[in-house]
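Visitor: Supplied in C-alpha cells, the structure appears directly below.
The numbers here are math on the coordinates, done by the rules we state, and not lab data. Fair warning: this is a prediction, and the values are worked out from it, not measured in the lab. Counting neighbours? That spans all protein chains shown, and the Cβs are built from the backbone with ideal geometry, glycine included.
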Amino acid sequence: MEVKIQSYLPSHFLSEFTTENYSAILWMGTGVFSVDGINYSYNGYNILFLSPYQKLKFFADSEEAMNVLLFHGDYYCIEYHKDEVACNGLLFNNIYLNPGIELSKENYEYILELFNHIKKEERENHQFSQSIIKTYIQLILAICSKQKSSAESSITVGEKLPNKHAVEFQKLLEINFKQEKELSFYSDKLNITNSTLSKAVKKEFAKTPTQLINERIILESKKLLHLTYRSVKEIASELGFDDEFYFSRYFKKSVGCSPKQYREKVGISVVAKMSM
C-alpha cells in the first residue's frame with residue numbers, strides 16, 4: 001500500500017494501532033489519546049501525526065468518525081520534501097512536543113476536504129492521480145506545520161516560562177544521548193538530585209527523563225535504519241551499544257519489531273539512495 005484513506009470509529013482504536021506507514025489522523029470530539037504510552041487530552045477539532053511503528057490508543061468520549069491518511073515513506077518522503085513542508089521535527093519525529101494539533105474549524109473542514117479529494121483520486125486512479133495525491137499530502141503537511149509552528153511560538157512568548165532544568169536537560173540529552181543513558185549523568189551535570197530533575201522534566205514535557213532518553217535513542221535508531229545503509233551492527237555501535245544483539249532486544253522492546261524487520265517494513269529512504 002502506498003497511500004490510503006480509512007475511516008474508523010474511536011472504539012476501533014481502543015486496541016493498539018500501529019503501522020509501518022506515516023499517519024495523519026483527523027477527528028473531532030473530546031477524550032484522551034495515548035502515543036507510545038504517553039497520554040494527551042484533546043478537545044474540538046484535531047489532527048495527529050505518527051511516524052512508522054508508533055503505538056496509538058484512543059479513549060474517546062464520543063463516537064465521531066476518524067479519518068486516517070496512511071502513506072509509505074517510499075511514496076512520499078518527508079525528508080526529501082523537508083524544505084517545502086517543514087514537517088520533519090515538527091509534525092513528526094519530535095519527542096518533546098505533543099504529536100497532535102488542535103485545529104480551527106476552518107482548517108479542519110479544509111483538510112477533511114483534501115482527504116476526500118485523495119479518496120477520489122484513489123478511486124479514479126488515472127495517469128495524474130499519484131502526482132495529485134502527493135500535492136494534496138504536501139498541502140496538508142504544510143498547513144499543519146504552519147499551524148503547529150504558530151501554536152508553539154505563542155506558547156514561547158506567553159506567560160509560562162519554560163523550566164530551566166528541563167530546558168538544560170533537553171540540551172544535554174541532544175548532545176550526550178549516544179554515550180550517556182543513565183539519569184544520574186544528567187542530574188550530576190545540572191548539580192541537582194534525580195528527583196528534582198525528574199519532577200522538572202515531567203512537568204515540562206509530560207514524560208520522565210528516562211522515557212525521553214529511551215525515546216531519543218529509538219528515534220535516532222529509526223532515523224539511521226531508514227535514512228542510511230549502515231548495518232545494524234554499525235548503528236548499534238554508533239548509539240553506544242557494545243552488543244548488537246542487546247541493541248536489537250532494546251529496540252524490539254520499545255518498537256515491537258527488530259531493527260531488521262523495521263528496515264524491511266519501512267524501507268530505506270530515497271534520501272539514502274540519492275547520497276550513494
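Visitor: Quote the charge dipole size of region 192-276 about the Cα centre in Debye, to the nearest 20; the model charges only the Cβ of Lys and Arg (+1) and of Asp and Glu (-1).
Guide: The dipole magnitude comes to about 340 debye.
Visitor: From Cα pairs below 8 angstrom and at least 6 apart in sequence, can you work out the relative contact order of region 3-156, rounded to a whole percent?
Guide: Working: 257 pairs, mean separation 40.2, N = 154.
RCO, region 3-156: 26 percent.
Visitor: Something else now. Can you give me the distance in nm between label points at Q127 and E152, each placed 7 Å from the Cα along the Cα-to-Cβ direction?
Guide: If labels sit at Q127 and E152, their model points lie 4.2 nm apart.
Visitor: In deg cm²/dmol and to the nearest 500, what is the mean residue ellipticity at 222 nm of the chain if only DSSP H runs of at least 4 residues count, each as -39500 (n - 2.57), divided by the residue total? Please report the intermediate quantities before stating the final value.
Guide: Numbers: 11 runs with 136 residues, N = 276.
Dividing the helical sum by the residues of the chain leaves -15500 deg cm²/dmol.
Visitor: With both bridge residues required to lie in the chain, what share of the DSSP beta bridges run antiparallel, to the nearest 5%? Working shown, then result.
Guide: Values: 34 of 35 bridges.
Given both bridge residues lie in the chain, the antiparallel proportion sits at roughly 95 percent.
Visitor: Cβ neighbours within 10 Å, averaged per peptide: list 228-238, 20-30, 210-220, 34-44 in order, most packed at the top. Working shown, then result.
Guide: Values: 228-238: 16.2, 20-30: 20.9, 210-220: 18.5, 34-44: 14.6.
Ranked from most to least packed, the peptides come out as 20-30, 210-220, 228-238, 34-44.
Visitor: Using 0.36 nm per residue, how much length does the chain from Y80 to I38 gain when fully extended, once their Cα-Cα distance is taken away?
Guide: Length gained, Y80 through I38: 12.2 nm.
Visitor: At 0.36 nm per residue, minus the direct Cα-Cα distance, what do K260 and S184 gain on full extension? Give it in nm, one decimal, please. Write down the numbers at each step before the final one.
Guide: Values: separation 76, 0.36 × 76 = 27.36 nm, distance 3.16 nm.
Fully extending the segment from K260 to S184 adds 24.2 nm.
Visitor: Place a +1 charge on the Cβ of each Lys and Arg in region 121-210 and a -1 charge on the Cβ of each Asp and Glu, then give the dipole magnitude about the Cα centre in debye, rounded to the nearest 20. Spell out each step's value before the answer.
Guide: Details: 14 positive and 11 negative charges, 52 e Å.
Dipole magnitude for region 121-210 comes out near 240 debye.
Visitor: How large is the dipole of the chain about the Cα centre if only Lys and Arg carry +1 and Asp and Glu carry -1, each at its Cβ, rounded to the nearest 20 debye? Don't jump to the answer; show the numbers that get you there.
Guide: On the way: 33 positive and 34 negative charges, 101 e Å.
The calculation lands at about 480 debye.
Visitor: Among Y246, S149, Y80, whose Cα lies farthest out toward the positive end of the dipole of the chain, if unit charges sit on the beta carbon of Lys, Arg (+1) and Asp, Glu (-1)?
Guide: The residue sitting most towards the positive pole is Y246.
Visitor: Any idea what the relative contact order of region 164-274 is, in percent, if you count C-alpha pairs under 8 Å spaced at least 6 apart?
Guide: 24 percent
Visitor: Could you work out how much longer the chain between K202 and K55 gets when fully extended? Use 0.36 nm per residue separation minus the Cα distance between them, nm to one decimal.
Guide: 50.9 nm
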